[in-house]
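To start, the structure itself, in structure tokens.
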Amino acid sequence: MKAVKITDIKKTDIIELPEPSLNDGNAVVKIEYGGICGSDTHFYLGMHPSLKPPTNFIQGHEAVGVITKVSPNTKGFSVGDHVAINPLVGCGECVNCVNGHPNICRVNRRVMGFRLDGTLAQYITIDLDHLVKLDNNIDLKIAATFEPLAVGYHAVTLLENIDLNNYPIIITGGGTIGVVTGLVLKHLHNLKPIIIETNQARVKLLNELGFTVKNSISEVDILNSKIRPIIFECSGVRKVFDEIIDSQRKPEYLVLIAQYAKGNSVNLHELQSSEITVISSHMYTPEDLINTAKLLNRKEVQTDLSQIIYEKVFSLEDADKAFQQAISGNLDGKLKVLIKC
């Protein structure tokens, strides 16, 4: 079978491997589609904070496919099931893992495609606990957005004890994570967040999805509101973060979804003196994945997600072209590049 490895900065290789065998407690999955995300492109460009090419890992962590073999201990899975891959692996023994939060495991948290073999391959063998069953009627091309959708679902769920309808809601950054967070708010809570985005091609897509778009925080007319906003920071741009902290109407809740490099300093005086509650969000829990699959069942959610996928789907053999397209900044306003495995 064929698989993709990043062997140098801006270089991928297609390698040949034996088709994986079935082990107890595992399934063999024929990967149908894999997505390229920001973390993948940072690694491809040699800009990832902790990993540089080459490594010996198969790349990829956003993937969906079909079970071709399953061990006798099926845990409810069958051959032919459509599944999404949970690429997050915790240590399984620390207090966070035991309590259902492997996403914040600090003992030995790994992600497929970075510390483990990933999903950009024709077949993978995977533990049944890392599969999420999908409705077989969902187009797997659309279902390939499942993993980022789960990131947005988790971030919104962190505010489950807050009545979101009482707040103006702003999302900074109209990339994939900003959009899927907006879609969770739209479809689960009937909310219409304002999204901050300057890329005009993206602005067109965001408007088509029903969002109001502004160029900056300063353009948002909330100064007359009696309620401070909730802001989901999805840009990962330090200037944007500083604008949030320094804005005239500071958020009551600031949810950090975007990844920042180590060593960033924060204006603690502004945070403390304005009583900004900062909530950090990282990936998702197994429960989030189950609920994301339920959300994905909605036709209106599938329709919206289909609009963020770049029209050209690349073959596995053209993985390098797919990565080049993903970093080109020329996606015709779309957000997600897919590889057909």
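The values are calculated or read from the model by the stated rules, or taken from the named source; none is laboratory data. All values derive from a computational prediction rather than experimental measurement. Methodologically, a virtual Cβ is constructed for each residue, glycine included, from the backbone with ideal geometry; neighbour enumeration extends over all protein chains shown. Protein only, heavy atoms only, side chains kept; ligands, DNA and RNA dropped before computing areas. Shrake-Rupley method; radii C 1.70, N 1.55, O 1.52, S 1.80 Å.
Residue-wise test of (1) free of Cβ contacts under 8 Å to residues at least 40 places away in the same chain; (2) within 26 Å of ARG110 (Cβ to Cβ); (3) not assigned by the TED database to the domain that holds THR181.
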{"residue": "LEU254", "(1), (2), (3)": "yes, no, no"}
{"residue": "GLN259", "(1), (2), (3)": "no, yes, no"}
{"residue": "LEU296", "(1), (2), (3)": "no, yes, yes"}
{"residue": "GLU300", "(1), (2), (3)": "no, no, yes"}
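Might you check whether a residue that is buried (at least 20 other Cβ atoms within 10 Å of the Cβ) and modelled with pLDDT under 95 occurs anywhere in the stretch 8-16?
yes
Consider the stretch 307-322. How many of its residues are open to solvent by 50 Å² or more (accessible area, probe 1.4 Å), in a loop (DSSP other than H, G, I, E, B) and within 16 Å of CYS341 (Cβ to Cβ)?
Residues flagged as open to solvent by 50 Å² or more (accessible area, probe 1.4 Å), in a loop (DSSP other than H, G, I, E, B) and within 16 Å of CYS341 (Cβ to Cβ) within the stretch 307-322 amount to 1.
Where the second residue is open to solvent by 50 Å² or more (accessible area, probe 1.4 Å) and in a helix (DSSP H, G or I) and the first is farther than 13 Å from ILE36 by Cα and touching a residue at least 60 places away in the same chain (Cβ under 8 Å) and lies in the stretch 303-329, which pairs have Cβ atoms under 7 Å and are six or more apart or on separate chains?
Sorted first by the residue in the stretch 303-329, then by its partner, the pairs are GLN307/GLU208.
Look at ASN103 and say whether it is open to solvent by less than 20 Å² (accessible area, probe 1.4 Å), under 21 Å from CYS341 (Cα atoms) and of a type outside the set (Phe, Trp, Tyr).
It is false that ASN103 is open to solvent by less than 20 Å² (accessible area, probe 1.4 Å), under 21 Å from CYS341 (Cα atoms) and of a type outside the set (Phe, Trp, Tyr).
Would you check which residues across the stretch 283-341 are farther than 18 Å from VAL151 by Cβ and hydroxyl-bearing (Ser, Thr, Tyr) and list them?
Within the stretch 283-341, THR303, SER306, TYR310, SER315, SER328 meet the criteria.
Of all residues in the stretch 13-36, which are among the hydroxyl-bearing types (Ser, Thr, Tyr) and touching a Leu at 6+ places or on another chain (Cβ under 9 Å)?
TYR33
Considering only residues that are of a type in the set (Asp, Glu) and open to solvent by 20 Å² or more (accessible area, probe 1.4 Å), look in the stretch 17-57 and name the one that is farthest from the chain's Cα centre (by Cα).
So, considering only residues that are of a type in the set (Asp, Glu) and open to solvent by 20 Å² or more (accessible area, probe 1.4 Å), the one farthest from the chain's Cα centre (by Cα) is ASP24.
Select from the stretch 62-84 the residues that are touching a residue at least 60 places away in the same chain (Cβ under 8 Å) and open to solvent by less than 10 Å² (accessible area, probe 1.4 Å) and write down the one among them that is nearest to GLY113 (Cα to Cα).
Filtering the stretch 62-84 for residues that are touching a residue at least 60 places away in the same chain (Cβ under 8 Å) and open to solvent by less than 10 Å² (accessible area, probe 1.4 Å), the one nearest to GLY113 (Cα to Cα) comes out as GLU62.
Restricting the search to the stretch 264-306, which residues are within 24 Å of TYR253 (Cα to Cα), touching a Pro at 6+ places or on another chain (Cβ under 9 Å) and outside any strand (DSSP E or B)?
If the condition is that a residue be within 24 Å of TYR253 (Cα to Cα), touching a Pro at 6+ places or on another chain (Cβ under 9 Å) and outside any strand (DSSP E or B), then SER274, ILE276, MET283, THR285 are the ones that fit.
Only one of (1) out of contact with any Asp or Glu (no Cβ under 7 Å at 6 or more places or on another chain); (2) closer than 19 Å to GLY174 by Cα; (3) in contact (Cβ under 8 Å) with a residue 40 or more places away in the chain; (4) not polar (S, T, N, Q) is not met by ASP242, so which one is it?
(3)
So which pairs qualify, if the first residue must be in the stretch 39-54 and more than 17 Å from ILE327 (Cα to Cα) and in contact (Cβ under 8 Å) with a residue 40 or more places away in the chain, the second must be polar (S, T, N, Q) and surrounded by fewer than 16 Cβ atoms within 10 Å (Cβ to Cβ), the Cβ gap must be under 7 Å, and the two must be at least 6 apart or on different chains?
The qualifying pairs are PRO54/THR7.
How about the stretch 1-100: which strands (runs of 3 or more DSSP E) wholly inside it have at least 1 residues that are under 25 Å from LEU149 (Cβ atoms)?
Because the criterion is at least 1 residues that are under 25 Å from LEU149 (Cβ atoms), the strands (runs of 3 or more DSSP E) in the stretch 1-100 that meet it are 2-8, 26-36, 62-70, 82-85.
Take LYS204 and tell me if it is in the same structural domain as VAL237 (by the TED database) and charged (D, E, K, R).
yes
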